[in-house]
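Q: For reference, the structure I am asking about is given below.
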Amino acid sequence: MATSKNTPASAEGVTGTLVLPPDALVSAAAGRLVEEARANGVALTGDGGLLTGLVREVLQTALEAEITDHLGYEPHAVEGRGSGNSRNGYYPKTVRTEVGDVDLKVPRDRNGTFEPVTVPVGQRRMCGLDQMVISLYAKGLTTGDITAHLHDVYDQDLDRSMISRITDTVLGDLEAWQSRPLDAIYPVMLVDGIRIKIRDGSVTNRVVYVVMGITMEGERDILGLWVGPTGGESSKFWLGVMTELRNRGIADVLVLCCDGLKGLPDAAKASWPLVDVQLCVVHLVRNSLRYASKKHWGQITRELREIYTAPSVGAAEVTFEAFAERWEPIYPAMIKTWRDTWEDFEPFLNFPVELRQIVYTTNSIESLNARFRKAAVRRGHFPTDQSALKVLYLVSIEKHKNRTNPTGRINGWKHILNVLSIHYHDRITAATN
């Protein structure tokens, strides 16, 4: 016989075990209720809906059980005589749930000591409704969109200010998340940004920067989100970000991978003098193709691959010179891009092959940026920096079932860690101690 167990807490915090009827009986009862509701023209949700009525009965029954537990006797029982406390009627209360507004009668006691747990004093919304609002907000819906959705689907009338207050409950979580202590060492740190629109007097393009670290256990961890200044990033901005990360506990970063962000390499070296700053190779290739005709893209990408997969710096330089000799007469700007960034690209060629596979691209962040972009496009623009961070924070912590998530463990990490331990042995030892 199939059973389902739950452990709800009573008013005194005592836990018990609830054994439900067999699934077949529950399904049959549910089927009869739905058929009767359809026959009588009763909706499932909203005012007078079937589910709304069921939720009302469950909550009301739970409140009656709580007052009985609190007093220690059933209604009208002789045990209550001379007990020093008794029931004292009810007061009305409307609670908003995800299936509609529910009208309840909350019991009172004469001594005024009864505090319900099912629907606490002052609570006007069940947590399920708040979670629904926050989930819709994380998917990029505006407060107006959420208000309209709740009205159309659940016959709920929540104004936009109420939606804002519900979503503001995540601000404390955001602040704690953004200031949480970090590991002493990150073998790899990835930095990238996404451009969104924020109203600052007028609607302007701003960049939200994402910093992701790979831990010694091989886990990808989003370390924080920062809204860049209106005029674009600068050395001062990046020095503030890197200093904040260091103050949160990061003693060393072995490799920092980025896309030529102005001022970032110097700021990183100011915080961690031995860090190896590596330009994202995939971005270098993409930038090269901007200057080339599409008909040559296939050949150029194949030849560039021979450069960044070369076994040594010397071999890469020889291959690059042959590449430049072939393409510089046709696309001089493309070759100039590589010459200008060669000094920042060169450290990549000194890495073991296993480490190259991790740092040659910031795709781990770009998959997260794709989710950010999807949420941002739905909104058009954000009213403030805080509202933008609120949405992007919710997106970053959301897990999608049966889909690859931006965070998580890197495949084959143990082998990579062995290579890192050989390449950076002294620094890993110093940071972990």
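The values are calculated or read from the model by the stated rules, or taken from the named source; none is laboratory data. In this text, all values refer to a predicted model and were calculated from it rather than measured experimentally. Cβ sites come from the backbone with ideal geometry, for glycine too, and all protein chains shown count toward neighbours.
Q: Out of 173, 183, which single residue is at pLDDT 75 or above, in a loop (DSSP other than H, G, I, E, B), of a type in the set (Asp, Glu) and surrounded by 13 or more Cβ atoms within 10 Å (Cβ to Cβ)?
A: Going through 173, 183 in turn, just one is at pLDDT 75 or above, in a loop (DSSP other than H, G, I, E, B), of a type in the set (Asp, Glu) and surrounded by 13 or more Cβ atoms within 10 Å (Cβ to Cβ): 183.
Q: Then there is this: Which condition from (1) surrounded by fewer than 17 Cβ atoms within 10 Å (Cβ to Cβ); (2) at pLDDT 75 or above; (3) over 29 Å from residue 133 (Cβ atoms) is the one that residue 94 breaks?
A: Going through (1) surrounded by fewer than 17 Cβ atoms within 10 Å (Cβ to Cβ); (2) at pLDDT 75 or above; (3) over 29 Å from residue 133 (Cβ atoms) one by one, residue 94 breaks only (3).
Q: For the stretch 277-293: of the residues being touching a Phe, Trp or Tyr at 6+ places or on another chain (Cβ under 8 Å) and assigned to a loop (DSSP other than H, G, I, E, B), which is nearest to residue 188 (Cα to Cα)?
A: Applying the filter and picking the extreme gives 280.
Q: Considering the stretch 276-327 alone, what residues qualify as being more than 28 Å from residue 266 (Cα to Cα) and of a type in the set (S, T, N, Q)?
A: 293, 299, 301, 319 - these are the residues of the stretch 276-327 that are more than 28 Å from residue 266 (Cα to Cα) and of a type in the set (S, T, N, Q).
Q: Take the residues in the stretch 305-341 that are within 37 Å of the chain's Cα centre (by Cα) and surrounded by fewer than 15 Cβ atoms within 10 Å (Cβ to Cβ); name whichever of them is farthest from residue 424 (Cα to Cα).
A: Result: 340.
Q: Give the stretch 291-314 a look and list any residue that's more than 21 Å from residue 343 (Cα to Cα) and out of contact with any helix residue (DSSP H, G or I) (no Cβ under 7 Å at 6 or more places or on another chain), or say none.
A: Passing the criteria: 293, 294, 295, 296, 298, 299, 302.
Q: Within 16 Å of residue 367 (Cβ to Cβ) and of a type in the set (D, E, K, R): which single residue out of 220, 246, 206 fits that description?
A: Sole residue among the options that is within 16 Å of residue 367 (Cβ to Cβ) and of a type in the set (D, E, K, R): 220.
Q: Only one of these is under 26 Å from residue 410 (Cα atoms), out of contact with any Pro (no Cβ under 8 Å at 6 or more places or on another chain), surrounded by fewer than 21 Cβ atoms within 10 Å (Cβ to Cβ) and assigned by TED's automatic domain parsing to the domain that holds residue 417: 233, 219. Name it.
A: Going through 233, 219 in turn, the sole match is 219.
Q: Hey, could you check the stretch 294-350 for residues that are of a type in the set (Val, Ile, Thr) and not in a helix (DSSP H, G or I) and say which is modelled with the lowest pLDDT?
A: 309
Q: Additional query: Just checking, which of 399, 374 is modelled with pLDDT under 90 and part of a loop (DSSP other than H, G, I, E, B)?
A: Just one listed residue meets the conditions, 399.
Q: In the set 223, 274, which member is of a type in the set (A, V, I, L, M), in a loop (DSSP other than H, G, I, E, B) and in contact (Cβ under 8 Å) with a residue 24 or more places away in the chain?
A: Just one listed residue meets the conditions, 274.
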